[in-house]
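In what follows, a single structure is set out as structure tokens and then discussed.
The values are calculated or read from the model by the stated rules, or taken from the named source; none is laboratory data. Worth saying up front: this structure is predicted, and the values here are computed from it rather than measured. All Cβ positions, even for glycine, are placed from backbone atoms using ideal geometry, and neighbour counts span all protein chains on display. Each accessible area value is taken on the protein alone, full model and side chains, heavy atoms only, with ligands, DNA and RNA left out. Shrake-Rupley method; radii C 1.70, N 1.55, O 1.52, S 1.80 Å.
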There are 2 protein chains.
Amino acid sequence: MKRDRLFGSIEAGGTKFTCAVGEDPFRMVAQKTFPTTTPSETLGRVIEFFHSVEEEFGKIEAFGICSFGPVDLRHGSPTYGCITSTPKKGWEQTPIVQNLEAEFRVPIGFDTDVNGAALGERRWGAGQGKDTILYITVGTGIGGGALVNGQPIHGLVHPEMGHVRIPHDHAKDPFPGSCPYHGDCLEGLASGAALNARWGKPASALESGHPAWDLVAEYLGFGIVNYILTLSPEVVILGGGVMKASHLFNRIRRKVTTLLNQYVKSPMVEEKIETYIVPPALGDWAGIAGGFELALRACTEGSNLHR
Amino acid sequence: MKRDRLFGSIEAGGTKFTCAVGEDPFRMVAQKTFPTTTPSETLGRVIEFFHSVEEEFGKIEAFGICSFGPVDLRHGSPTYGCITSTPKKGWEQTPIVQNLEAEFRVPIGFDTDVNGAALGERRWGAGQGKDTILYITVGTGIGGGALVNGQPIHGLVHPEMGHVRIPHDHAKDPFPGSCPYHGDCLEGLASGAALNARWGKPASALESGHPAWDLVAEYLGFGIVNYILTLSPEVVILGGGVMKASHLFNRIRRKVTTLLNQYVKSPMVEEKIETYIVPPALGDWAGIAGGFELALRACTEGSNLHR
């Protein structure tokens with residue numbers, strides 16, 4: 001019997017690290033989640049987990065890491081593979097790829113959490129068969145990743161997307177926004193943190209008839225319309241904690257249709273918007289799936305670290 | 001002596017068609033511009049021009065076309081290579097690539113005017129050595145093209161970018177915007193047509209101290225900040241008639257710096273913004289250069305029509 005290949009996937013978040021081993025996200029042999037504490041403690045546990053899995057199941061061929069950011073994705077940069085200027089205490093300049101590579105000496109793929117989720121959804125989820133994919137997470141903050149011609153956008157630094165400026169009618173909504181950089185950018189108006197600051201309770205505690213939702217749908221609609229006009233994605237995948245309020249999808253779809261006003265001539269936007277703006281098919285596993293995809297790609301392309 | 005290779009480049013605009021033949025934009029052997037009249041008359045003149053050049057200089061190896069749009073860029077689509085739903089009378093569903101291929105039977109590359117300009121600037125202009133490039137034209141309308149990992153974004157349809165929504169302070173500027181689809185989207189507030197509608201004269205007639213310019217810089221600043229956050233380009237190239245007002249560059253750079261508010265950690269944005277937001281190095285020839293690049297790529301990849 002053919003032995004399965006083994007890849008390691010890590011979704012590195014500001015709250016928790018999820019690690020998994022298997023041939024792909026549907027054939028995992030082990031999985032574990034750790035709280036994000038200090039870098040040395042957290043990465044120590046991650047490494048210990050993967051060693052214990054190797055003892056039981058054999059050598060892991062490659063790793064893929066989807067990380068909270070900002071991260072350095074520039075090949076050849078001295079800080080490639082690091083979490084860089086994060087406000088998360090203690091994690092500035094953490095060489096996450098280097099730590100793992102020193103230990104396991106196999107190819108390691110590395111990208112942002114949201115680019116990773118887009119990669120995972122493209123291979124196994126809502127983005128199958130598509131090359132231009134937008135993935136937005138609406139959680140405590142708002143972040144976005146995208147694939148163009150099947151490849152993640154890196155560019156100058158990687159896109160973050162959450163801080164775009166959108167129309168804000170101060171008469172209708174006098175809330176000044178919660179973003180420490182920009183006040184009423186999209187993240188400052190429509191993120192989980194903004195909802196909490198605006199209404200005094202988390203999104204999960206706001207009933208579906210609450211006036212907050214029409215405002216959130218309007219703001220997210222503005223942001224998504226701008227992303228659509230800029231990237232022309234073939235599918236828009238919306239994940240994250242705030243999007244667990246599933247009634248928000250139809251509100252956003254209606255808003256996007258109204259705002260585009262028949263300008264984008266495509267049946268996906270004009271007739272099939274319920275298949276165009278969608279939740280992640282992999283749910284909370286999109287990032288872990290992205291780690292598997294990054295590991296697969298690292299096997300083909302060689303280690304990202306030494307390219 | 002080695003004979004030069006010959007490529008044909010076409011920049012297809014709503015007002016004029018520019019055609020050129022040569023090895024590259026710096027070694028052209030012939031060039032001609034025609035007014036855009038009917039499709040059959042205009043394309044007839046284009047074909048006649050290239051035939052006359054071939055008689056004198058020899059066979060053209062491949063063509064590249066950068067076209068006004070919207071165009072169909074989806075390989076395999078029955079209308080690939082066509083100008084599609086353009087408001088320009090008589091030009092709807094014009095199979096521009098098919099017409100040229102039927103006549104010359106060589107590989108033909110095809111893209112939007114703005115993706116073409118980005119490709120031209122990457123090969124010979126302000127985008128050299130960069131893989132993620134944004135090109136925005138601010139003329140009668142506002143349009144944008146972009147390269148990610150060196151490849152143009154196509155996606156669902158191609159991006160247009162000009163119609164993004166931005167903050168608009170109605171108290172400061174009560175102009176409702178000139179866009180027939182969206183009113184006060186970016187194009188509706190900051191395009192040449194908007195300036196004309198707002199101030200009763202074209203951009204070229206507005207002196208540099210006119211209050212119009214601060215508003216235009218603010219609106220373009222909002223748009224460019226949103227593009228930067230979404231695409232993370234390594235360079236932002238601003239062309240088109242309105243950008244001939246060269247004082248506009250520094251106004252826009254200041255606005256972008258202020259709006260980003262140190263959120264994007266890169267020396268390009270924080271220290272070297274005068275080399276980050278720039279005019280096209282090729283000036284009005286960026287599109288023709290893009291046609292040469294598309295022709296070169298078509299030679300390598302084979303005809304776009306039959307891929």
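Kindly establish whether B:ILE65 is crowded, with 23+ Cβ neighbours inside 10 Å and under 14 Å from B:THR18 (Cα atoms).
Judged against the criteria, B:ILE65 is a match.
Could we say that B:GLY150 is within 11 Å of another protein chain (Cβ to nearest Cβ), surrounded by 24 or more Cβ atoms within 10 Å (Cβ to Cβ) and either over 22 Å from A:TYR276 (Cα atoms) or in contact with a Lys or Arg (Cβ under 6 Å, 6 or more places away or on another chain) (or both) here?
No.
Mind listing whichever residues of the stretch A:2-50 are assigned by TED's automatic domain parsing to the domain that holds A:LEU294 and free of Cβ contacts under 8 Å to residues at least 12 places away in the same chain?
A:MET28, A:THR37, A:SER40, A:GLU41, A:GLY44, A:GLU48
How many of the residues in the stretch A:215-227 are without any contact (Cβ under 8 Å) to a residue 60 or more places away in the chain and either within 8 Å of chain B (Cβ to nearest Cβ) or aromatic (Phe, Trp, Tyr) (or both)? If you could, list the steps in order and put the result at the bottom.
First pass over the stretch A:215-227, keeping only residues without any contact (Cβ under 8 Å) to a residue 60 or more places away in the chain: A:215-219, A:221-222, A:225.
The next check asks that each one be either within 8 Å of chain B (Cβ to nearest Cβ) or aromatic (Phe, Trp, Tyr) (or both); those that pass are A:219, A:222, A:225.
Adding up the residues that qualify gives 3.
Only one of B:THR137, B:THR86 is polar (S, T, N, Q), within 22 Å of A:SER232 (Cα to Cα) and in a strand (DSSP E or B). Can you tell me which?
Values: B:THR86 fails: in a strand (DSSP E or B).
The unique qualifying residue is B:THR137.
What is the one condition in (1) under 30 Å from B:PHE104 (Cα atoms); (2) surrounded by 21 or more Cβ atoms within 10 Å (Cβ to Cβ); (3) of a type in the set (S, T, N, Q) that B:THR300 does not satisfy?
The number of the failed condition is (2).
Collect the residues in the stretch B:159-205 that are more than 8 Å from chain A (Cβ to nearest Cβ) and among the basic types (Lys, Arg), keeping them in residue-number order.
B:LYS172, B:ARG198, B:LYS201
Considering B:LEU156, B:LEU119, which residue is more than 9 Å from chain A (Cβ to nearest Cβ) and either without any contact (Cβ under 8 Å) to a residue 60 or more places away in the chain or open to solvent by less than 10 Å² (accessible area, probe 1.4 Å) (or both)?
B:LEU119
State whether the residues of the stretch B:197-205 include one that is over 17 Å from B:ILE166 (Cα atoms) and crowded, with 23+ Cβ neighbours inside 10 Å. First the steps, then the outcome.
So the first thing to find is which residues in the stretch B:197-205 are over 17 Å from B:ILE166 (Cα atoms), and the list is B:197-205.
Subsequent filtering for residues that are crowded, with 23+ Cβ neighbours inside 10 Å retains B:203.
Checking the stretch B:197-205: at least one residue is over 17 Å from B:ILE166 (Cα atoms) and crowded, with 23+ Cβ neighbours inside 10 Å.
Answer yes or no as to whether A:LYS59 is within 22 Å of the chain's Cα centre (by Cα) and of a type in the set (D, E, K, R). So that I can check it myself, show each step before the final result.
Numbers: within 22 Å of the chain's Cα centre (by Cα): no; of a type in the set (D, E, K, R): yes.
So A:LYS59 fails the test.
Looking at the stretch B:204-299, what helices (runs of 4 or more DSSP H) fall wholly within it and have at least 3 residues that are hydrophobic (A, V, I, L, M, F, W, C)?
Correct list: B:212-231, B:247-260.
Might you let me know whether the stretch A:150-173 holds any residue that is assigned to a strand (DSSP E or B), at pLDDT 95 or above and in the same structural domain as A:TRP213 (by TED's automatic domain parsing)? Give the steps one after another, and end with the answer.
From the stretch A:150-173, those assigned to a strand (DSSP E or B) are A:151-152; that's our starting set.
Among the residues that remain, those that are also at pLDDT 95 or above are: A:151-152.
Then drop every residue that is not in the same structural domain as A:TRP213 (by TED's automatic domain parsing), which leaves A:151-152.
Yes, because at least one residue in the stretch A:150-173 is assigned to a strand (DSSP E or B), at pLDDT 95 or above and in the same structural domain as A:TRP213 (by TED's automatic domain parsing).
Consider the stretch B:184-196. How many of its residues are under 16 Å from A:VAL264 (Cα atoms) and either open to solvent by 20 Å² or more (accessible area, probe 1.4 Å) or among the basic types (Lys, Arg) (or both)?
1
Within the bounds of the stretch A:232-248, is there any residue that is within 11 Å of chain B (Cβ to nearest Cβ) and open to solvent by 20 Å² or more (accessible area, probe 1.4 Å)?
Yes, there is a match, as at least one residue in the stretch A:232-248 is within 11 Å of chain B (Cβ to nearest Cβ) and open to solvent by 20 Å² or more (accessible area, probe 1.4 Å).
Mind checking which pairs have a first residue in the stretch A:97-114 that is farther than 14 Å from A:GLU11 by Cα and a second that is part of a loop (DSSP other than H, G, I, E, B) and open to solvent by less than 10 Å² (accessible area, probe 1.4 Å), Cβ under 6 Å, 6 or more apart or different chains?
A:GLN98/A:GLY81
Filter the stretch A:68-94 for residues that are open to solvent by less than 50 Å² (accessible area, probe 1.4 Å), touching a Phe, Trp or Tyr at 6+ places or on another chain (Cβ under 9 Å) and within 13 Å of another protein chain (Cβ to nearest Cβ) and give the result.
A:VAL71, A:ASP72, A:LEU73, A:ILE83, A:THR86
How many residues are open to solvent by less than 30 Å² (accessible area, probe 1.4 Å) and over 17 Å from A:VAL21 (Cα atoms) if we restrict to the stretch A:37-54?
Going through the stretch A:37-54 one residue at a time, the tally reaches 2.
With respect to B:ASP173, is the statement that it is surrounded by fewer than 24 Cβ atoms within 10 Å (Cβ to Cβ), within 21 Å of B:THR275 (Cα to Cα) and in contact (Cβ under 8 Å) with a residue 24 or more places away in the chain true?
The answer is no for B:ASP173.
Which numbered condition in (1) at the interface with another protein chain (Cβ under 8 Å from one of its Cβ atoms); (2) open to solvent by less than 30 Å² (accessible area, probe 1.4 Å) is the only one that A:ILE136 fails?
It fails just one condition, (1).
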